[in-house]
Amino acid sequence: MLYTFVEMNRAAMAPMRLMAKGTKAFLDNPLNPLRDTEFGRSTLAATSVFERATRYYGKPEWQIPTTEIHGKTHNVTPIATWSSPWCKLVHFQTEGAPTGRPRMLICAPLSGHFATLLRGTVEAFLPTHEVYITDWTDAKMAPVWVGRFDLDDYVDHVRMALQHIGPDAHVLAVCQPGPPVLAAISMMAEDRDPALPATMTFMGSPIDARKSPTVPNLLAEERSFEWFKEKMIYTVPAPWPGMMRRVYPGFVQLTSFMHMNWDKHVDAQARFFDHLVEGDDDSAEKHRAFYDEYLSVLDLPEEFYLQTITRVFREHHIARGIFRYRGDRVVDPAAIESVALMTVEGEKDDISGIGQTQAAHDLCINIPESMQTDYIQPGVGHYGVFNGRRFVEEIVPRVNAFQAQVTRA
(Lines give C-alpha, C1' and ligand atoms only; values in the text may rest on other atoms or scores of the structure.)
Protein backbone atom coordinates (compact mmCIF):
# COMPACT_ATOMS: atom_id res chain seq x y z
CA MET A 1 0.00 0.00 0.00
CA LEU A 2 2.87 2.42 0.69
CA TYR A 3 4.01 2.44 -2.95
CA THR A 4 0.44 3.07 -4.11
CA PHE A 5 0.04 5.85 -1.56
CA VAL A 6 3.26 7.52 -2.76
CA GLU A 7 2.03 7.44 -6.36
CA MET A 8 -1.39 8.80 -5.35
CA ASN A 9 0.28 11.59 -3.39
CA ARG A 10 2.46 12.46 -6.39
CA ALA A 11 -0.64 12.62 -8.59
CA ALA A 12 -2.52 14.73 -6.02
CA MET A 13 0.37 17.20 -5.87
CA ALA A 14 0.49 17.58 -9.66
CA PRO A 15 -1.95 20.55 -9.86
CA MET A 16 -0.06 22.46 -7.16
CA ARG A 17 3.25 21.65 -8.80
CA LEU A 18 1.87 22.90 -12.14
CA MET A 19 0.69 26.08 -10.44
CA ALA A 20 4.12 26.58 -8.91
CA LYS A 21 5.76 26.16 -12.31
CA GLY A 22 3.35 28.68 -13.82
CA THR A 23 4.03 31.18 -11.03
CA LYS A 24 7.75 30.66 -11.48
CA ALA A 25 7.52 31.31 -15.23
CA PHE A 26 5.42 34.45 -14.62
CA LEU A 27 7.75 35.94 -12.01
CA ASP A 28 10.92 35.02 -13.91
CA ASN A 29 9.83 36.92 -17.03
CA PRO A 30 12.27 39.83 -17.66
CA LEU A 31 9.29 42.07 -18.47
CA ASN A 32 7.65 41.48 -15.09
CA PRO A 33 8.29 44.51 -12.79
CA LEU A 34 8.03 42.25 -9.71
CA ARG A 35 10.98 40.18 -10.87
CA ASP A 36 13.64 42.33 -9.18
CA THR A 37 11.67 43.17 -6.03
CA GLU A 38 12.25 41.42 -2.71
CA PHE A 39 8.70 40.04 -2.85
CA GLY A 40 9.19 38.74 -6.38
CA ARG A 41 12.55 37.09 -5.63
CA SER A 42 11.26 35.49 -2.44
CA THR A 43 8.14 34.16 -4.13
CA LEU A 44 10.16 32.90 -7.09
CA ALA A 45 12.56 31.14 -4.72
CA ALA A 46 9.70 29.56 -2.75
CA THR A 47 8.00 28.23 -5.88
CA SER A 48 11.31 26.82 -7.13
CA VAL A 49 11.96 24.99 -3.85
CA PHE A 50 8.38 23.64 -3.78
CA GLU A 51 8.45 22.47 -7.39
CA ARG A 52 11.76 20.65 -6.91
CA ALA A 53 10.61 19.08 -3.63
CA THR A 54 7.49 17.56 -5.21
CA ARG A 55 8.67 16.51 -8.67
CA TYR A 56 9.56 13.01 -9.85
CA TYR A 57 13.25 12.66 -10.64
CA GLY A 58 13.74 10.24 -13.50
CA LYS A 59 16.92 8.60 -14.70
CA PRO A 60 19.57 11.30 -15.33
CA GLU A 61 21.55 11.63 -18.53
CA TRP A 62 25.29 10.98 -18.45
CA GLN A 63 26.15 14.54 -19.47
CA ILE A 64 29.79 13.79 -20.31
CA PRO A 65 30.15 15.46 -23.71
CA THR A 66 33.94 15.67 -23.78
CA THR A 67 37.15 14.69 -22.05
CA GLU A 68 40.67 16.07 -22.23
CA ILE A 69 43.61 13.82 -23.16
CA HIS A 70 47.13 15.28 -23.28
CA GLY A 71 45.72 18.79 -23.57
CA LYS A 72 43.34 17.97 -26.42
CA THR A 73 39.55 17.87 -26.16
CA HIS A 74 37.82 14.72 -27.42
CA ASN A 75 34.10 14.10 -27.87
CA VAL A 76 32.58 11.35 -25.70
CA THR A 77 29.57 9.22 -26.65
CA PRO A 78 28.06 6.68 -24.22
CA ILE A 79 27.01 3.58 -26.17
CA ALA A 80 25.56 0.32 -24.88
CA THR A 81 27.77 -2.42 -26.33
CA TRP A 82 26.11 -5.34 -24.51
CA SER A 83 22.83 -5.66 -22.67
CA SER A 84 20.37 -7.91 -20.92
CA PRO A 85 16.90 -7.10 -19.54
CA TRP A 86 18.62 -6.12 -16.29
CA CYS A 87 21.75 -4.28 -17.36
CA LYS A 88 23.38 -2.28 -20.11
CA LEU A 89 27.15 -2.26 -20.44
CA VAL A 90 27.86 1.34 -21.41
CA HIS A 91 31.10 2.15 -23.21
CA PHE A 92 32.17 5.79 -23.24
CA GLN A 93 33.55 5.96 -26.76
CA THR A 94 36.14 8.72 -27.01
CA GLU A 95 36.58 10.14 -30.48
CA GLY A 96 40.20 10.31 -31.63
CA ALA A 97 41.59 8.88 -28.37
CA PRO A 98 45.01 7.17 -28.47
CA THR A 99 44.81 3.47 -29.23
CA GLY A 100 45.86 0.80 -26.77
CA ARG A 101 44.57 2.52 -23.65
CA PRO A 102 43.80 0.15 -20.75
CA ARG A 103 40.20 -0.97 -20.45
CA MET A 104 38.34 -0.40 -17.18
CA LEU A 105 35.05 -1.90 -16.04
CA ILE A 106 33.36 0.20 -13.36
CA CYS A 107 30.85 -1.94 -11.48
CA ALA A 108 28.17 0.46 -10.33
CA PRO A 109 26.20 -0.34 -7.19
CA LEU A 110 22.65 -1.62 -7.40
CA SER A 111 21.59 -0.03 -4.14
CA GLY A 112 19.05 2.69 -4.89
CA HIS A 113 20.77 5.17 -7.21
CA PHE A 114 21.36 5.04 -10.94
CA ALA A 115 24.82 4.37 -12.35
CA THR A 116 25.02 8.09 -13.23
CA LEU A 117 25.84 8.70 -9.56
CA LEU A 118 29.33 7.62 -10.66
CA ARG A 119 29.52 10.30 -13.35
CA GLY A 120 32.49 11.86 -11.57
CA THR A 121 34.19 8.47 -11.35
CA VAL A 122 33.81 7.94 -15.08
CA GLU A 123 35.04 11.46 -15.89
CA ALA A 124 38.14 10.99 -13.74
CA PHE A 125 39.27 7.85 -15.57
CA LEU A 126 38.29 8.82 -19.13
CA PRO A 127 41.59 10.63 -19.87
CA THR A 128 43.56 7.43 -19.17
CA HIS A 129 41.21 4.50 -19.84
CA GLU A 130 38.62 3.02 -22.15
CA VAL A 131 35.80 3.14 -19.61
CA TYR A 132 32.84 0.77 -19.38
CA ILE A 133 30.17 0.80 -16.66
CA THR A 134 27.31 -1.47 -15.59
CA ASP A 135 24.08 0.52 -15.95
CA TRP A 136 21.46 -1.43 -13.99
CA THR A 137 17.75 -1.53 -14.83
CA ASP A 138 15.21 0.12 -12.56
CA ALA A 139 13.05 -2.79 -11.33
CA LYS A 140 9.83 -0.79 -11.68
CA MET A 141 10.63 -0.53 -15.39
CA ALA A 142 11.11 -4.31 -15.80
CA PRO A 143 7.90 -6.17 -16.73
CA VAL A 144 7.31 -9.26 -14.63
CA TRP A 145 7.71 -11.46 -17.72
CA VAL A 146 11.47 -10.74 -17.89
CA GLY A 147 11.84 -12.84 -14.73
CA ARG A 148 13.86 -12.61 -11.52
CA PHE A 149 17.15 -10.93 -10.78
CA ASP A 150 19.07 -12.00 -7.68
CA LEU A 151 22.57 -11.77 -6.21
CA ASP A 152 23.84 -14.70 -8.28
CA ASP A 153 22.48 -13.03 -11.41
CA TYR A 154 24.57 -9.99 -10.48
CA VAL A 155 27.63 -12.25 -10.30
CA ASP A 156 26.77 -13.63 -13.74
CA HIS A 157 26.45 -10.14 -15.21
CA VAL A 158 29.87 -9.09 -13.90
CA ARG A 159 31.43 -12.16 -15.47
CA MET A 160 29.62 -11.66 -18.79
CA ALA A 161 30.65 -7.99 -18.86
CA LEU A 162 34.31 -8.95 -18.38
CA GLN A 163 34.05 -11.60 -21.08
CA HIS A 164 32.61 -8.99 -23.42
CA ILE A 165 35.39 -6.48 -22.67
CA GLY A 166 38.17 -9.04 -22.96
CA PRO A 167 41.20 -10.18 -20.92
CA ASP A 168 43.51 -8.05 -18.78
CA ALA A 169 40.98 -5.29 -18.11
CA HIS A 170 40.85 -3.40 -14.81
CA VAL A 171 37.82 -3.76 -12.53
CA LEU A 172 36.68 -1.00 -10.19
CA ALA A 173 33.88 -2.00 -7.79
CA VAL A 174 32.25 0.87 -5.91
CA CYS A 175 30.48 0.02 -2.63
CA GLN A 176 27.80 -2.71 -2.85
CA PRO A 177 29.31 -4.67 -5.79
CA GLY A 178 32.38 -5.67 -3.76
CA PRO A 179 31.23 -9.14 -2.64
CA PRO A 180 29.60 -10.23 -5.94
CA VAL A 181 32.54 -8.89 -7.98
CA LEU A 182 34.98 -10.76 -5.75
CA ALA A 183 32.84 -13.87 -6.18
CA ALA A 184 32.79 -13.51 -9.97
CA ILE A 185 36.56 -13.07 -10.25
CA SER A 186 37.18 -15.94 -7.81
CA MET A 187 35.21 -18.32 -10.03
CA MET A 188 36.85 -16.96 -13.17
CA ALA A 189 40.27 -17.64 -11.63
CA GLU A 190 39.28 -21.15 -10.59
CA ASP A 191 37.90 -21.84 -14.09
CA ARG A 192 40.98 -20.30 -15.75
CA ASP A 193 38.66 -18.01 -17.68
CA PRO A 194 40.67 -16.26 -20.45
CA ALA A 195 38.79 -13.03 -19.71
CA LEU A 196 40.34 -12.76 -16.22
CA PRO A 197 41.11 -9.09 -15.43
CA ALA A 198 44.56 -7.73 -14.63
CA THR A 199 43.53 -5.83 -11.49
CA MET A 200 40.57 -5.40 -9.19
CA THR A 201 40.00 -2.32 -7.05
CA PHE A 202 37.38 -2.24 -4.31
CA MET A 203 36.25 1.16 -3.02
CA GLY A 204 34.15 1.52 0.16
CA SER A 205 32.85 -2.06 -0.22
CA PRO A 206 31.25 -4.29 2.45
CA ILE A 207 33.53 -7.26 1.90
CA ASP A 208 33.26 -7.94 5.63
CA ALA A 209 30.57 -5.79 7.24
CA ARG A 210 31.46 -7.12 10.69
CA LYS A 211 34.44 -4.77 10.84
CA SER A 212 33.77 -1.23 12.13
CA PRO A 213 30.01 -1.69 11.74
CA THR A 214 28.07 1.42 10.75
CA VAL A 215 24.43 2.34 11.38
CA PRO A 216 23.18 0.52 8.23
CA ASN A 217 25.27 -2.55 9.15
CA LEU A 218 23.84 -2.66 12.67
CA LEU A 219 20.29 -2.24 11.36
CA ALA A 220 20.75 -5.22 9.06
CA GLU A 221 21.78 -7.41 11.99
CA GLU A 222 19.32 -6.10 14.58
CA ARG A 223 16.21 -6.56 12.44
CA SER A 224 14.96 -10.01 11.49
CA PHE A 225 14.74 -11.26 7.93
CA GLU A 226 10.95 -11.25 8.27
CA TRP A 227 11.04 -7.55 9.25
CA PHE A 228 12.89 -6.64 6.05
CA LYS A 229 10.51 -8.74 3.96
CA GLU A 230 7.39 -7.27 5.56
CA LYS A 231 8.49 -3.64 5.98
CA MET A 232 10.84 -2.99 3.06
CA ILE A 233 9.22 -4.87 0.14
CA TYR A 234 6.27 -3.43 -1.81
CA THR A 235 4.40 -4.11 -5.03
CA VAL A 236 4.94 -1.79 -7.99
CA PRO A 237 1.61 -0.16 -8.88
CA ALA A 238 0.25 0.89 -12.26
CA PRO A 239 1.12 2.59 -14.56
CA TRP A 240 4.79 1.51 -14.25
CA PRO A 241 5.89 -1.22 -16.71
CA GLY A 242 6.98 -3.37 -13.76
CA MET A 243 3.56 -3.29 -12.12
CA MET A 244 2.94 -6.27 -9.82
CA ARG A 245 6.68 -6.85 -9.36
CA ARG A 246 7.81 -7.00 -5.73
CA VAL A 247 10.60 -4.50 -5.08
CA TYR A 248 12.58 -2.57 -2.52
CA PRO A 249 11.57 0.95 -3.61
CA GLY A 250 14.25 3.53 -4.24
CA PHE A 251 12.32 6.15 -2.30
CA VAL A 252 12.59 4.00 0.85
CA GLN A 253 16.36 3.82 0.47
CA LEU A 254 16.54 7.54 -0.23
CA THR A 255 14.48 8.35 2.85
CA SER A 256 16.74 6.18 5.00
CA PHE A 257 19.90 7.89 3.74
CA MET A 258 18.42 11.37 4.13
CA HIS A 259 17.38 10.69 7.73
CA MET A 260 20.99 9.78 8.54
CA ASN A 261 21.91 13.42 7.80
CA TRP A 262 18.52 15.12 8.02
CA ASP A 263 19.78 18.44 9.40
CA LYS A 264 22.31 18.69 6.59
CA HIS A 265 19.65 18.26 3.91
CA VAL A 266 17.27 20.73 5.58
CA ASP A 267 20.06 23.31 5.78
CA ALA A 268 20.88 22.71 2.12
CA GLN A 269 17.31 23.53 1.10
CA ALA A 270 17.38 26.68 3.23
CA ARG A 271 20.66 27.78 1.64
CA PHE A 272 19.24 27.04 -1.81
CA PHE A 273 16.31 29.38 -1.04
CA ASP A 274 18.73 32.09 0.12
CA HIS A 275 20.92 31.67 -2.99
CA LEU A 276 17.87 32.14 -5.23
CA VAL A 277 16.75 35.25 -3.36
CA GLU A 278 20.27 36.70 -3.46
CA GLY A 279 20.72 35.88 -7.13
CA ASP A 280 23.71 33.60 -6.45
CA ASP A 281 23.22 31.52 -9.60
CA ASP A 282 26.48 29.55 -9.29
CA SER A 283 25.68 28.24 -5.82
CA ALA A 284 22.08 27.52 -6.79
CA GLU A 285 23.21 25.55 -9.84
CA LYS A 286 25.59 23.45 -7.75
CA HIS A 287 22.68 22.61 -5.47
CA ARG A 288 20.50 21.64 -8.43
CA ALA A 289 23.21 19.47 -9.96
CA PHE A 290 23.82 17.55 -6.73
CA TYR A 291 20.17 16.98 -5.81
CA ASP A 292 19.07 16.19 -9.37
CA GLU A 293 21.34 13.16 -9.06
CA TYR A 294 20.84 12.41 -5.37
CA LEU A 295 17.04 12.40 -5.61
CA SER A 296 16.99 10.17 -8.71
CA VAL A 297 16.48 6.64 -7.40
CA LEU A 298 15.64 3.20 -8.77
CA ASP A 299 13.89 0.17 -7.32
CA LEU A 300 15.66 -3.11 -6.50
CA PRO A 301 14.15 -6.55 -7.23
CA GLU A 302 12.90 -8.24 -4.07
CA GLU A 303 15.12 -11.30 -4.43
CA PHE A 304 18.30 -9.29 -5.02
CA TYR A 305 17.66 -7.00 -2.04
CA LEU A 306 16.75 -9.75 0.43
CA GLN A 307 19.66 -11.97 -0.63
CA THR A 308 22.06 -9.05 -0.26
CA ILE A 309 20.74 -8.29 3.22
CA THR A 310 21.08 -11.95 4.24
CA ARG A 311 24.27 -13.08 2.49
CA VAL A 312 26.31 -9.86 2.72
CA PHE A 313 25.13 -7.91 5.76
CA ARG A 314 23.64 -10.51 8.12
CA GLU A 315 25.54 -13.75 7.51
CA HIS A 316 28.69 -12.34 5.83
CA HIS A 317 29.03 -15.26 3.41
CA ILE A 318 32.02 -14.05 1.36
CA ALA A 319 33.98 -13.06 4.49
CA ARG A 320 33.29 -16.39 6.23
CA GLY A 321 34.11 -18.51 3.19
CA ILE A 322 30.56 -19.88 2.85
CA PHE A 323 29.39 -17.95 -0.22
CA ARG A 324 27.66 -20.49 -2.48
CA TYR A 325 26.94 -19.64 -6.08
CA ARG A 326 23.54 -20.98 -7.15
CA GLY A 327 23.35 -22.80 -3.85
CA ASP A 328 26.01 -25.44 -4.48
CA ARG A 329 29.33 -24.01 -5.72
CA VAL A 330 31.51 -22.67 -2.91
CA VAL A 331 33.29 -19.47 -3.91
CA ASP A 332 36.95 -19.36 -2.82
CA PRO A 333 38.86 -16.04 -3.20
CA ALA A 334 42.06 -17.99 -2.52
CA ALA A 335 41.77 -19.21 -6.12
CA ILE A 336 42.85 -15.74 -7.29
CA GLU A 337 46.60 -15.66 -7.89
CA SER A 338 47.31 -13.38 -10.86
CA VAL A 339 44.81 -10.52 -10.40
CA ALA A 340 46.31 -7.58 -8.51
CA LEU A 341 44.25 -6.21 -5.62
CA MET A 342 43.78 -2.63 -4.40
CA THR A 343 41.39 -1.47 -1.69
CA VAL A 344 40.35 2.13 -1.00
CA GLU A 345 38.49 3.38 2.05
CA GLY A 346 37.39 6.76 3.38
CA GLU A 347 38.45 7.93 6.83
CA LYS A 348 34.94 9.23 7.62
CA ASP A 349 32.89 6.63 5.74
CA ASP A 350 29.59 6.12 7.60
CA ILE A 351 28.30 3.46 5.17
CA SER A 352 31.25 1.05 4.87
CA GLY A 353 33.49 1.41 7.93
CA ILE A 354 37.28 1.17 8.00
CA GLY A 355 38.40 -2.42 7.57
CA GLN A 356 35.36 -3.69 5.66
CA THR A 357 37.03 -3.24 2.28
CA GLN A 358 40.53 -4.13 3.54
CA ALA A 359 39.12 -7.57 4.39
CA ALA A 360 39.60 -8.52 0.73
CA HIS A 361 43.34 -8.85 1.42
CA ASP A 362 42.68 -11.41 4.15
CA LEU A 363 40.60 -13.50 1.74
CA CYS A 364 42.85 -13.33 -1.32
CA ILE A 365 45.73 -15.13 0.37
CA ASN A 366 47.43 -16.31 -2.83
CA ILE A 367 47.93 -12.92 -4.45
CA PRO A 368 51.60 -11.92 -4.00
CA GLU A 369 52.15 -9.01 -1.62
CA SER A 370 53.81 -7.06 -4.43
CA MET A 371 50.47 -7.14 -6.23
CA GLN A 372 48.45 -5.79 -3.31
CA THR A 373 47.97 -2.32 -1.86
CA ASP A 374 45.58 -0.55 0.48
CA TYR A 375 44.82 3.14 0.79
CA ILE A 376 42.73 5.12 3.30
CA GLN A 377 41.79 8.58 2.07
CA PRO A 378 41.92 11.14 4.91
CA GLY A 379 39.02 13.51 5.41
CA VAL A 380 36.38 11.93 3.16
CA GLY A 381 33.16 10.05 3.77
CA HIS A 382 31.53 7.41 1.61
CA TYR A 383 30.71 9.68 -1.34
CA GLY A 384 34.23 11.15 -1.32
CA VAL A 385 35.75 7.72 -1.95
CA PHE A 386 34.55 7.81 -5.57
CA ASN A 387 33.69 11.46 -6.28
CA GLY A 388 34.91 14.96 -5.61
CA ARG A 389 38.16 16.91 -5.54
CA ARG A 390 40.11 14.59 -3.25
CA PHE A 391 39.04 11.59 -5.26
CA VAL A 392 40.33 13.20 -8.45
CA GLU A 393 43.53 14.61 -6.98
CA GLU A 394 44.57 11.89 -4.51
CA ILE A 395 42.77 8.59 -5.16
CA VAL A 396 42.72 8.41 -8.97
CA PRO A 397 46.51 8.95 -9.36
CA ARG A 398 47.13 6.14 -6.87
CA VAL A 399 44.80 3.77 -8.70
CA ASN A 400 46.45 4.59 -12.02
CA ALA A 401 49.95 4.18 -10.57
CA PHE A 402 49.06 0.82 -9.03
CA GLN A 403 47.63 -0.48 -12.29
CA ALA A 404 50.66 0.69 -14.26
CA GLN A 405 53.04 -0.88 -11.72
CA VAL A 406 51.48 -4.35 -11.76
CA THR A 407 50.93 -4.47 -15.52
CA ARG A 408 54.60 -3.59 -16.13
CA ALA A 409 55.82 -6.29 -13.75
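Of note:
- Scan of the stretch 93-110 for residues that are under 17 Å from the mean Cα position of the chain (by Cα) and either in a strand (DSSP E or B) or surrounded by 22 or more Cβ atoms within 10 Å (Cβ to Cβ) (or both), ordered by number: 104, 105, 106, 107, 108, 110
- Residue in the stretch 227-266 that is nearest to the chain's Cα centre (by Cα), counting only those that are farther than 11 Å from residue 299 by Cα, assigned to a helix (DSSP H, G or I) and aromatic (Phe, Trp, Tyr): 257
- If the condition is being assigned to a loop (DSSP other than H, G, I, E, B) and either of a type in the set (Ser, Thr, Tyr) or not assigned by TED's automatic domain parsing to the domain that holds residue 71 (or both), then the stretch 111-120 contributes only 111.
- Among the residues of the stretch 356-387, those that are in contact with a Gly (Cβ under 7 Å, 6 or more places away or on another chain) and either farther than 30 Å from residue 261 by Cα or not hydrophobic (A, V, I, L, M, F, W, C) (or both) comprise 357, 377, 381, 382, 384, 387.
- If the condition is being aromatic (Phe, Trp, Tyr) and closer than 30 Å to residue 100 by Cα, then the stretch 146-171 contributes only 154.
- The stretch 337-388, residues that are of a type in the set (Ser, Thr, Tyr) and over 17 Å from residue 181 (Cα atoms): 370, 373, 375, 383
- Residue tally, condition closer than 22 Å to residue 249 by Cβ and assigned to a helix (DSSP H, G or I), over the stretch 1-51: 14
- Residue selected from the stretch 374-396 under the condition in contact (Cβ under 8 Å) with a residue 40 or more places away in the chain and among the aliphatic types (A, V, I, L, M), by the criterion surrounded by the most Cβ atoms within 10 Å (Cβ to Cβ): 385
- Checked across the stretch 310-333, the condition of being within 22 Å of the chain's Cα centre (by Cα), among the basic types (Lys, Arg), in the same structural domain as residue 215 (by TED's automatic domain parsing) and under 30 Å from residue 233 (Cα atoms) holds for at least one residue.
The values are calculated or read from the model by the stated rules, or taken from the named source; none is laboratory data. Values in this document were obtained by computation on a predicted structure and should not be read as measured data. Here the Cβ is made from the backbone with ideal geometry for all residues, glycine too, and neighbour counts use every protein chain on show.
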